[in-house]
Each structure stands twice: as structure tokens, then as C-alpha cells.
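Report on the structure given below.
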Amino acid sequence: MPEICIRVAVLDMNNGARNIAVRNIKRILSDFGYRIRTYHPHTELQVRIFHVRDRSEVPDTSHDLYISTGGPGSPLDDTGAEWEVRFFRLVDDLMAHNQTRDAKKFFFGICHSFQLMVKKFAVARISRRTVRNLGIVPIFQTPEGRRDPIFEGLQEKFYAFDNRDWQVTDPDRRLLREAGIEILSYEGTEEGAGDALTGLRYTGEIETVQFHPEAEKSGILMRITEPKEREHIVEVMGEEKYEELVRSLENPNKLMRTYKTVLPGFLLRSYNRLMAQHDQPAINPGVLGFPQDGADNFHN
């Protein structure tokens with residue numbers, strides 16, 4: 001049987017800044033590639049990193065999967081910059097491709113990319129927060145989110161890592177409805193959902209989240225305990241909030257459920273749809289060890 005190559009483009013939006021997100025995404029992809037070879041040994045996952053903002057590297061539509069990362073800075077800056085024009089053109093090209101072809105392309109946007117997509121489609125307001133959102137925060141699913149596969153295996157309120165100065169609020173319901181875009185989740189407090197959007201589905205193949213589903217405990221701890229990073233966080237948020245952030249990482253299940261569900265779930269759904277085009281059987285989420293219904297029992 002000929003080898004099937006699934007091409008993955010990782011769009012690094014960190015603008016040259018040091019980060020752990022791409023490392024974590026590469027680790028998730030590596031683990032996913034290892035697992036699928038157990039069941040589809042003739043399938044290969046080929047991953048390429050594109051440095052979008054600092055080098056204006058933007059992939060074409062020859063890839064199968066696209067993961068666009070978070071990054072520092074304002075999503076409102078660089079309007080009209082070469083990289084932004086090329087990134088928005090890529091989104092248009094992917095959507096046009098999916099409207100006319102049976103073989104789909106799949107896109108997942110994170111944090112800064114979530115905000116850029118809102119900027120492109122102008123379906124909500126982007127503004128600077130009064131206080132940085134940093135730490136493990138509750139995310140509340142909407143009714144649409146509870147029906148959507150993106151959060152399958154997670155409770156109606158789940159937890160994710162967030163680190164941002166910007167937010168998306170005041171969605172234009174008419175524009176969303178006309179475009180077929182669904183709000184999947186909101187940020188909030190332990191008491192309930194707030195006003196800022198944290199999940200949007202644009203099409204059956206294009207989904208975005210405001211938080212960091214690739215984040216896990218060890219990587220966050222490694223970063224925030226570095227002397228310079230610790231000093232910066234304390235300066236912005238205060239010593240008490242910093243200690244609260246460190247303590248929140250002591251519960252491994254809060255982040256692990258999200259880490260093992262959201263991005264791996266996107267990969268698995270997309271992969272299974274691609275494999276159907278090659279007459280290959282779908283891989284069951286349970287076989288790969290992903291959490292399913294009853295996430296309270298997921299302690300891996």
C-alpha cells in the first residue's frame with residue numbers, strides 16, 4: 001500500500017518572541033503521529049513551521065491541516081502588513097477550496113489567531129482588557145458549544161490556560177448568523193460566564209479558541225518560575241496573584257483534560273475525514289486514549 005502523507009502547517013504567530021506554545025504543539029503532533037501509525041502504519045504526518053509575523057512566511061493551500069498559534073502584542077497593529085494580508089488571503093483560499101472540493105482543508109486558530117480571525121470578519125469588538133487575563137481560567141460552553149465536537153469530553157464548565165491583554169466582546173449577532181459562524185464558549189469566573197468570547201466555529205473545517213489548549217503544567221511552571229518572567233508577572237499582577245497562579249497548577253486534571261481533548265480532538269476529526277478519502281477506517285477516540293463522555297473520570 002502506498003504511503004499516505006498528511007501535511008501539517010504550524011503558523012507561528014509569536015513574532016520571534018521566545019515561547020513554549022510551538023514546542024507543545026509539536027509534541028502533540030508527534031504523539032498523534034505515533035499513535036495513528038499503530039493503526040495506519042502507512043500514514044505519515046509531515047509537519048512544517050511557518051514564522052508568520054517576523055518573517056512573513058505564510059503557507060499555501062497545499063497542506064491538509066493548519067494550526068495557527070497565539071502570540072504577543074495587539075491584534076489591531078500591523079493592519080495592512082504583508083504578513084497579515086497574506087494570512088487573510090490564506091483563510092479566504094482555504095474557505096474557497098472547501099466550498100468547491102470534496103477533499104477539505106482544516107484550520108485551528110489559537111489566541112492571537114482567534115483575534116485576527118475576528119478582525120478579518122469584523123463580527124465582534126476587539127479591545128484591550130483593563131487587567132491581563134493570566135492563569136487557569138474557567139471556560140463556559142454555549143448551547144452550540146455543547147453540541148459541537150470541539151469540546152466533546154469536557155464538562156459545560158472546563159478549565160484552560162490563558163495569557164492575554166486583549167479580548168473579543170459585543171458580537172454582531174446578525175453578521176454571525178448570516179455568515180453561519182457559531183459562538184461556542186465564553187470566558188468567566190467560577191460564578192458564571194462573562195462577556196468575552198473564547199470559542200468560534202466559522203465552518204465545519206475552521207474553528208478557533210481564545211485560550212491555549214496546547215498548554216500543560218510543566219511547561220507553564222518552567223516559564224513562569226524563571227526569574228525575569230516571575231518579576232514581570234508580579235509587576236503586572238502583584239505577588240498574591242502570582243502565588244495564586246502557581247497554586248492553580250497543583251491540580252493536574254484542570255489542564256490535562258483540555259490538553260488531551262481540544263487540539264487532539266481537532267486532529268483526530270480532521271484526520272478521520274481525510275482518511276475516509278483514502279478508504280481507510282476511522283480511528284476511535286477511545287483507542288487513542290482521548291477522554292470521552294464522563295470527563296470526571298479522566299485522570300491521565
Determine which single condition C5 fails, assuming it passes every other condition in (1) crowded, with 18+ Cβ neighbours inside 10 Å; (2) not in a helix (DSSP H, G or I).
-> (1)
Where a residue in segment 1-20 is within 19 Å of P75 (Cβ to Cβ) and its partner, wherever it lies, is surrounded by 15 or more Cβ atoms within 10 Å (Cβ to Cβ) and polar (S, T, N, Q), with Cβ under 6 Å and at least six apart = L11/S68; D12/T69; M13/T69; M13/S113
Residues of segment 29-57 satisfying the condition of being at pLDDT 95 or above, in contact with a Lys or Arg (Cβ under 9 Å, 6 or more places away or on another chain) and open to solvent by less than 20 Å² (accessible area, probe 1.4 Å) | V52
Applying the selection to segment 205-244, what residues are outside any helix (DSSP H, G or I) and free of Cβ contacts under 8 Å to residues at least 24 places away in the same chain?
-> T225, E226, G238
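Could you name every one of the helices (runs of 4 or more DSSP H) located completely within segment 74-149 that has at least 1 residues being open to solvent by 20 Å² or more (accessible area, probe 1.4 Å) and of a type in the set (D, E)? Write out each step before concluding.
On the way: elements: 82-100, 112-121, 143-147.
Where helices (runs of 4 or more DSSP H) fall fully within segment 74-149 and carry at least 1 residues being open to solvent by 20 Å² or more (accessible area, probe 1.4 Å) and of a type in the set (D, E), they are 82-100, 143-147.
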Do the conditions hold for L11, that is, is it open to solvent by less than 40 Å² (accessible area, probe 1.4 Å) and either of a type in the set (F, W, Y) or out of contact with any Asp or Glu (no Cβ under 9 Å at 6 or more places or on another chain) (or both)?
-> no
Looking at segment 43-62, is at least one residue within 18 Å of the chain's Cα centre (by Cα) and of a type in the set (D, E, K, R)?
-> yes
Matching residues in segment 234-279 - criterion: being open to solvent by 30 Å² or more (accessible area, probe 1.4 Å), hydrophobic (A, V, I, L, M, F, W, C) and touching a Lys or Arg at 6+ places or on another chain (Cβ under 7 Å) | V236, M237
Within segment 185-195, identify whether any single residue is in contact (Cβ under 8 Å) with a residue 12 or more places away in the chain, open to solvent by less than 40 Å² (accessible area, probe 1.4 Å) and among the aliphatic types (A, V, I, L, M), and answer yes or no.
-> no
Considering only segment 8-21, how many residues are modelled with pLDDT under 95 and either of a type in the set (D, E) or part of a helix (DSSP H, G or I) (or both)?
-> 1
Could you tell me whether segment 23-31 includes any residue that is hydroxyl-bearing (S, T, Y) and in contact with a Cys (Cβ under 8 Å, 6 or more places away or on another chain)?
-> no
Going through (1) within 14 Å of the chain's Cα centre (by Cα); (2) of a type in the set (D, E); (3) modelled with pLDDT of 95 or more one by one, E178 fails only at (1)
Quick check: is even one residue across segment 211-224 touching a Leu at 6+ places or on another chain (Cβ under 8 Å), at pLDDT 80 or above, closer than 20 Å to T142 by Cβ and surrounded by 12 or more Cβ atoms within 10 Å (Cβ to Cβ)?
-> yes
Do we have any residue at all in segment 289-300 that's at pLDDT below 80, surrounded by 17 or more Cβ atoms within 10 Å (Cβ to Cβ), more than 20 Å from the chain's Cα centre (by Cα) and not in a helix (DSSP H, G or I)?
-> yes
Scan (1) out of contact with any Gly (no Cβ under 6 Å at 6 or more places or on another chain); (2) modelled with pLDDT of 80 or more for the single condition T261 breaks and write down its number.
-> (1)
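The values are calculated or read from the model by the stated rules, or taken from the named source; none is laboratory data. Bear in mind the structure is a predicted one, so any value in this text is a computation, not a measurement. Cβ sites come from the backbone with ideal geometry, for glycine too, and all protein chains shown count toward neighbours. Keep in mind that these areas ignore ligands, DNA and RNA; they rest on the heavy atoms of the full protein, side chains included. Shrake-Rupley method; radii C 1.70, N 1.55, O 1.52, S 1.80 Å.
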